[in-house]
Amino acid sequence: MTASPAPDIAIRPLVESDLPAADQIVRLAFGTFIGMPDPQTFMGDVEFVHSRWRVDPGAVVAAEHAGRLIGSNFATNWGSFGFFGPLTVHPEYWERKVAQRLLAPTMEIFREWGSQHLGLYTFAHSPKHMALYQKFGFWPRDLVAILAREVQPTPRDFAASSADSDVAYFSLVAPVRRTELLAECRQLTSAIFDGLDVEREIRSVASQKLGETILVFDNSRLAAFAVCHTGAGTEAGSGVCYVKFAAVRPGAKASDDFARLLDAVEDFARARSASKVTAGVNLARREAFQYMFSRGYRTSMQGVAMETGSADSGYNRAGVYILDDWR
Ligand SMILES: CC(C)(COP(=O)(O)OP(=O)(O)OC[C@H]1O[C@@H](n2cnc3c(N)ncnc32)[C@H](O)[C@@H]1OP(=O)(O)O)[C@@H](O)C(=O)NCCC(=O)NCCS
């Protein structure tokens, strides 16, 4: 089966006035693909089109036909690692090579950034998605579980833990200290995968008030951190605390520090009146997944990571305590 290209498609950067239409197409495309009766309600009050665009407007590619937005793709820069998504095309234009037209300049953006390793999260059951991404050098690797756990509405011991000098919230730290902390976060993630750096996520959560970056220390040395979204209009949605990214310093204490980090994340969720914590984990990170399972987290959704490079490249491997899902 070969798609016939749609004629007269313009590919250009997504601009601010496109955001409402881009958001509608994201919901319509996913809602249609998964067969929702009212596709436009996909994701409820979860939002990421506006907040991701604000992080780097130059990293979002748009497709236009006859003066109308028909698709978009968002690239994310995590230092040496890059991923893209949501990639969506208006259903009226599916199978006309629009996604491929969006992906070509997206790959160019990664080249300009100097990304060493690329990934994406997609539907494991879809031959179309597998074929599309293979054209751009991505190969299916491990499953990715989106985990969820209800948290008790009553603080476990929030007063004690928030007073705990081993836990800090990035947004409450003095501005001068923030620069140092960003460097410490980068140093920690780089110890797992050289050049991995989620500074843009941390800054975005702080400046757009999307949630909080929770920092856990061990004798005043950063041991772990989690970048969390919470509430309507964020990637979490109402009543949810979503761990967009978390990492633990590798070493003998990593498993203990992971447990302390999850304590702090769950306390934060309760403090923000969220009744659920969600987080993605690649199943190659076995210990991280198994610990979360033992802690009561259960898989609510499952996809597959597709990555460039060899089968052991990137940071999805046993022993790594990272939470992310690249959606
Ligand atoms: C996924 C999506 C972005 C693809 O957009 P699109 O414009 O239809 O994709 P394209 O036409 O550029 O490419 C699709 C390719 O897959 C191929 N394909 C489709 N079904 C296939 C199958 N069963 N087996 C193998 N290849 C298949 C098509 O033939 C085409 O390749 P070709 O041009 O060489 O013929 C679009 O369907 C969409 O928005 N879906 C809902 C949201 C979504 O799933 N986003 C991606 C999340 S990771």
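Readers should treat all values here as calculations from the given coordinates under stated rules, not as data from a laboratory. A quick note: this is a predicted structure, and the numbers were derived from the prediction, not measured. Positions of Cβ are generated from backbone atoms using ideal geometry, with glycine treated the same way; all protein chains shown enter the neighbour counts.
The table that follows gives values for the structure above.
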quantity: Distant-in-sequence amide H partners of C241 (H built 1.01 Å from N, under 5 Å); calculated: K276, V277, T278
quantity: Whole-Hz ³J(HN,Hα) from phi, Karplus 6.51 cos²θ - 1.76 cosθ + 1.60, for segment 175-189, glycine and proline x; calculated: x, 5, 6, 4, 4, 5, 5, 4, 5, 5, 4, 5, 5, 5, 5
quantity: Taking the chain and dividing mean pair separation by its residue count, relative contact order in percent (alpha carbons under 8 Å, at least six apart); calculated: 21 percent
quantity: Part-to-part distance (alpha-carbon centres) for segment 236-264 and segment 88-157, which is given in Å; calculated: 23 Å
quantity: Ordering of 69-79, 232-242 by packing [mean C-beta count within 10 Å, highest first]; calculated: 69-79, 232-242
quantity: Estimated 222 nm signal from helices in the chain, with DSSP H stretches of n ≥ 4 weighted -39500 (n - 2.57), rounded to 500; calculated: -10000 deg cm²/dmol
quantity: Derived scalar couplings ³J(HN,Hα) [segment 134-143; Karplus, 6.51 cos²θ - 1.76 cosθ + 1.60; whole Hz; x for Gly, Pro]; calculated: 5, 4, 10, x, 9, 10, x, 10, 8, 5
quantity: Residue order, fewest to most beta carbons within 10 Å, for L262, L143, L222; calculated: L143, L222, L262
quantity: For E184, E266, E16, order by how many other beta-carbon atoms lie within 10 Å, fewest first; calculated: E16, E184, E266
quantity: Normalised contact order of segment 120-260, rounded percent, pairs of Cα under 8 Å and 6 or more residues apart; calculated: 16 percent
quantity: Inter-part distance where segment 194-213 and segment 284-327 are each reduced to a Cα centre, Å; calculated: 20 Å
quantity: Long-range HN-HN contacts of H90 with modeled amide H, under 5 Å; calculated: G71
quantity: Under 21 Å from K97, Cα to Cα: lysines that are on another chain or at least 8 residues apart; calculated: K128, K135
